[in-house]
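Derivation of every value follows stated rules applied to the coordinates shown; laboratory data play no part. Everything quoted here is computed from the prediction, not taken from an experiment. FYI the Cβ positions are ideal-geometry reconstructions off the backbone, even for glycines, and counts take in every protein chain you see.
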């Protein structure tokens, strides 16, 4: 039985600098492995739609005739199944998390005809 | 015959308390939150945060469960203010303590009137807390009377010797019950600053919007009044030392708040009565015998 | 004898972030009965086995619970690997052990913080979580996510941790452990904390066994049962002993967890020392057939996965028995007769994870 | 200018989430993220709250609870859906017992994606919610004067 066992820690914390990361003002460098959001280098994409099949939350839609690759950021759970499945390795996991938004919208990537 | 100069001085002090106490109380609360945050190794809110909170609450729509609830809350605020005016204009210390109790009763009635189980338990605990700290508060008044031969604050404050020298044990006992009055851990039974407890916010659960703002403001008034009691113990050292002592007492309370877990009401009542009976009564007996 | 009042405890309650509902029948502040009602987190994810194939189901298993995410994934994968007769490469086993122990440390520190919060010790809560964030940083660096690991897959692990990183992590863990050691005395010796935990929520050894308690709740009552002794992953190659306390009260359960954190630090150190080189996954072919009980030690206790395959891509049955489910009957027994302020303390000592229980 | 922006108090409710987002909401309160810097307090009491942080995919049993909590909050108020489950149901959208998204039960003002939503994203989401809160306050202030006129 002892009193004030935490006094050393709280006194030290009170006199030394806080541990807080001043987030919106100071941004931290993300780790290399951090799963943020799925990025697609659309010009390499062959629209095989393997990612669409592998996606456990059906966030990805591939429209092969229109050469459009779409992702619903509000459905993606950053599991990376599509990245593992991609045969052309055009999909990658970016470290930056997707931003909050007042509306749900689908992000779509369109491949230019000239790159064919 | 009361001369007009005295009356004017009383009015000035009373009015000054009404105007400045919420300002000082709010700043003190802001300081409290920053220091608490630092002790928890956080950055903490800006010093004006308590004012932002109160102004925001005034902007919100209030939801009222029972019309009496707001009435009781206004009574609580008015009585706390009245108590403060009584004290700071140099009035009777005993009357101050009883007026403070009446204010507390209004708060309890307000919480009871809402019929919510959380609030009811909060109110019950508030009554138990009042039971716990009341003896010690009275001992403070009695001790000061024994030393200065007056219950009048204006006589106590002008007493030549520092009261803390004659009543050191009473002072320690008072610091002990201050923890209850400031609603700080380990005795924040009836409500808590952060709502992480079994009865949510306890006594203030059902108050919202402007009514909650009144609760906060009343709390600021109350805090300044209580620090006024600390001031009395050190008054003879001069105002600077006395104010600094009051602030140090407040910092000690913040430290205790951060260093203890919340205890149960059984323990609170037992401990505060034990403290009152040992520290308070022994100190008073010694004073009485030496006279 | 006071009048009886019923206090609703939850589903929205600040002490418990999770929705569980308890009707507490009170006489003044004494709890005479506690009637739990559940179902606020039931999603019915076991049925997902019908629509998701056994590889995809890993993502579902990981999201059964965000606190013991890795161990759920691991339990599921170990079960499927047994059905497929696959031997996981040794490096993958060690990596799984390291991640599982990291997640145990993070879960226990989280629990210690919430527990401190339950008896109103806010600064202790904050300091526990400050230390925990450092563990979460290591998890994020190695697995990519702060709470959902996404590292296990059937046949091994999805990503490797290089030996250099492991060495650096060992250094970081030593620093974290010394910070953690500063917090220990407050849980073990502080007078005000002890007043809230010692002798509260008694569960005798006989009661614990009869009611089927698992994990720290069982070990706090003096039964040395730890599923890691089954020797899954790399546990049989490492030196450790289950933590046992005999008192059976909230204090004993706290001590069990406090000591387990230290033990986990030690297990990680040993695993980093011994980790072999080699591949991290094997190729998976075929479909699962047969049935298997996969048993693991979660931070909260024993979790059982029952998996049944019928030689198709989808499992025929995917059933989980989670530790909180097993610890609920003891909880109701412990709650009877306690004081209202002790309710959050007792509820938290079983370390409830409602989302595991209801799925 | 209103003071709502300076002191938004949050109420957090777990509507059938996996705990991942909940512990991230709690992590926001703790030293490393410390949202009390912005005057944010986790109240745990709907009557004191301005921002309703809600996680999870919402099952049938939770619907009345969420509606009641929403109604108990005094105006103006905003709802922030935290995590993929709260925005769309996520990996649980095919489960038989889930509604799949908070917006099917109460109006949502800001969606915070992420599985689990990172504390940084939650802070961003709450900050966006404050803008909405401000607008709602302005609308609320204008309303009674209109009815009076």
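Dividing the helix sum by the residues of chain A, where each DSSP H run of 4 or more adds -39500 (n - 2.57), gives a mean residue ellipticity at 222 nm of -4000 deg cm²/dmol. The modelled label-to-label distance for the pair residue B:66/residue C:273, using points 7 Å beyond Cα in the direction of Cβ, is 6.6 nm. Using the rule -39500 (n - 2.57) for each DSSP H run of four or more residues, divided by the residues of chain C, the 222 nm mean residue ellipticity is -15000 deg cm²/dmol.
For segment D:9-141, the antiparallel share of DSSP beta bridges with both residues in that region comes to about 5%.
The Rg/Rh ratio of segment C:234-277, with both radii computed over alpha carbons and Rh defined as the Kirkwood radius, is 1.12.
Against chain D, whose longest principal axis is taken from its Cα atoms, helix D:119-148 shows a tilt of about 40°. Among A:58, C:42, sorting on how many other beta-carbon atoms sit within 10 Å of each Cβ, with the fewest leading, yields A:58, C:42. What translational diffusion coefficient, in µm²/s and rounded to a whole number, does the Stokes-Einstein relation yield for segment B:2-290 at 37 °C and a viscosity of 0.692 mPa s, taking the hydrodynamic radius as the Kirkwood radius over Cα pairs? Diffusion coefficient, whole number: 169 µm²/s. Peptides B:180-187, C:347-354 ranked from most to least packed, by the mean per-residue count of other Cβ atoms within 10 Å: C:347-354, B:180-187. When every Cα-Cα distance of segment B:51-138 is counted in 5 angstrom steps from zero, the calculated P(r) takes the values 3, 14, 18, 20, 20, 15, 8, 3, 0 percent. Each 5 Å bin from zero up to the one holding the largest Cα-Cα distance in chain A carries the following percent of pairs: 2, 10, 16, 17, 13, 9, 7, 5, 5, 5, 4, 4, 2, 1, 0, 0.
Between residue D:60 and residue C:198, the modelled labels are 5.0 nm apart [label points 7 Å from Cα along Cα→Cβ]. The convex hull drawn around the Cα atoms of segment C:65-201, when projected onto a plane and averaged over every direction, covers 9.6 nm². Counting Cβ atoms of other protein chains within 10 Å of each residue's Cβ and taking the mean over peptide C:183-193 gives 6.
Scaling the Cα radius of gyration of chain C by the globular reference 2.2 N^0.38 Å produces a ratio of 0.99. Determine the distance separating the Cα centre of segment A:56-81 from the Cα centre of segment C:139-191; give it in Å without decimals. Segment A:56-81 and segment C:139-191 have Cα centres spaced 32 Å from each other.
For the residues of D:95-103, the average number of beta carbons from a partner chain within 10 Å of their own beta carbon is 4. Dividing the convex hull volume of the alpha carbon atoms of segment C:16-124 by its residue count gives 138 Å³ per residue. Straightening the chain between residue C:182 and residue C:262 buys 27.6 nm, computed as 0.36 nm per residue apart minus the Cα-Cα spacing. Please report the base-10 log of the normalised intensity I(q)/I(0) for segment B:1-116, using a Debye sum with one equal scatterer per alpha carbon and no solvent, at each q in 0.17 (1/Å). Per q value, in the given order, log10 I(q)/I(0) is -1.04.
May I ask for the distance between the Cα centers of segment B:231-272 and segment C:262-290, given as a whole number of Å? Segment B:231-272 and segment C:262-290 have Cα centres spaced 55 Å from each other. Taking the longest Cα principal axis of chain C as reference, the axis of helix C:163-189 is set at about 10 degrees.
How much of the calculated P(r) for segment C:173-243 lies past 16 Å, in percent of all Cα pairs? I get 67 percent for the Cα pairs in segment C:173-243 exceeding 16 Å. Overall dimensions of segment D:10-149, expressed as equivalent-ellipsoid semi-axes from the Cα gyration tensor (√(5λ), whole Å, largest first), are 25, 19, 12. Here the spin labels are modelled as points 7 Å beyond Cα on the Cα-Cβ line, and at residue B:165 and residue C:27 they lie 5.6 nm apart.
In the protein assembly as shown, inverting the average of 1/r over every pair of distinct C-alpha atoms gives 29.3 Å as the Kirkwood radius. For the protein assembly as shown, DSSP calls about 75 percent of its internal beta bridges antiparallel. Ordering C:334, B:131, C:227 by the number of other Cβ atoms within 10 Å of each residue's own Cβ, fewest first, gives B:131, C:227, C:334. For chain B, take the longest principal axis of its alpha carbons; what is the angle in degrees between that and the long axis of helix B:210-234, to the nearest 10 within 0 to 90? The answer is roughly 20 degrees.
For the peptide B:48-60, the mean number of other protein chain Cβ atoms found within 10 angstrom of a residue's Cβ is 6.
Ranked by the mean number of other Cβ atoms within 10 Å of their residues, highest first, the peptides D:19-27, A:33-41, D:80-88, B:159-167 come out as D:80-88, D:19-27, A:33-41, B:159-167. Taking each DSSP H run with n ≥ 4 as -39500 (n - 2.57) and averaging over every residue of chain B yields -24500 deg cm²/dmol at 222 nm. Annotation: the residues C:303, C:136, C:88, sorted from fewest to most other C-beta atoms within 10 Å of their own C-beta, follow the order C:88, C:136, C:303. Placing R0 at 25 angstrom, the Cβ-Cβ distance between residue C:205 and residue C:319 gives a FRET efficiency of 0.30 after rounding to 0.05. In the frame of its principal axes, segment B:197-284 has Cα extents of 43, 32, 23 Å, reported largest first. Beta bridges per DSSP, both residues in segment C:44-326: antiparallel share near 100 percent. Among C:289-299, A:79-89, the peptide with the highest mean count of other Cβ atoms within 10 Å heads the list, and the full ranking is C:289-299, A:79-89.
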